[in-house]
Amino acid sequence: MIQIKDLHKKFGKNKVLDQLDLDIEGGGIFAILGPNGSGKTTLIKSILGMVVIDQGSISVLGSSVSKHWKYRKEINYLPQIANFPGNLRVRELIKMIQDLRQKSNKSEKLVQVFQLDPFLDKKLSTLSGGTKQKVNIVLTFMFDSPVLILDEPTTGLDPAALIQLKALIQQEKEQGKTILITSHILSFVEEVADEIVYLLEGKIYFRGTLSQLKKTTGQADFEHAIAAIATTPTHA
């Protein structure tokens, strides 16, 4: 599904990704964790082809990201910050994205699930951050793609919307999809993730299930286990 070999990336003198290897065979929820500056965002953007890597290779669904841009059609991406054209109305944005990609029969249901009907004719510039994030979620999940990449998906969500998001993620998992998530909300990660990939200084220091992480660190709860791997890391 996703194969990453010997990945290197620098920005100036700053080494962001360093000899990183990662294979994700497909199916399940993988949480990409690590402190700020660990390389999470660069890794995601490299998979999406938004960052040109210095060395190594990345393939998604058997296609190299450096040669075949069409693979991106098989990925639904939820960016951390939803930067929408402020003059567009919500209804117009949804239709525009549908026209750019493909027809979708999920958008109406998702609008109802996240209670966006009252906002469909409002301009995006007038929406709160949480409502914009709900629009962001609708745009991400309304297409049927085998890979989803969700960057801080819980940002700004109220409790009711968060419950709906978690249910939506589980539905996608049950359909055999591969979901990559970054989040600083460890309770959310603990609830949804099948595996943890922990990055530090551009390297993978741990990969495994939550129970394996607790066993490796000798910690009984997830938050303390993450803190332990961060302070006394060992390579995966």
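Here are the numbers for the structure shown:
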read-out	value
Per-selection metrics, the chain (Cα): Rg and Dmax in Å	18.2, 53
Dimensionless Rg ratio for the range 104-175, taking C-alpha atoms and the 2.2 N^0.38 Å reference	1.07
Relative contact order (%) - criterion: Cα under 8 Å, at least six apart; region: the chain	26 percent
Relative packing of peptides 118-128, 190-200 - highest average C-beta neighbours within 10 Å first	190-200, 118-128
Cα-based equivalent ellipsoid of the range 9-74: semi-axis lengths in Å, sorted from largest, via gyration tensor	20, 16, 10
Largest-first ellipsoid semi-axes for the range 1-122, taking √(5λ) over the Cα gyration tensor eigenvalues, angstrom	32, 17, 14
Spherically averaged projected area of the range 111-235 from its Cα convex hull (nm²)	9.1 nm²
C-alpha long axis of helix 222-231 to longest principal axis of the chain, angle in °	50 degrees
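None of the figures in this text is laboratory data; all of them are computed from the coordinates on show. All values reported here derive from a predicted model rather than from experimental measurement. For neighbour counting, all protein chains shown are included, and Cβ atoms are generated from backbone atoms with ideal geometry for every residue, glycine included.
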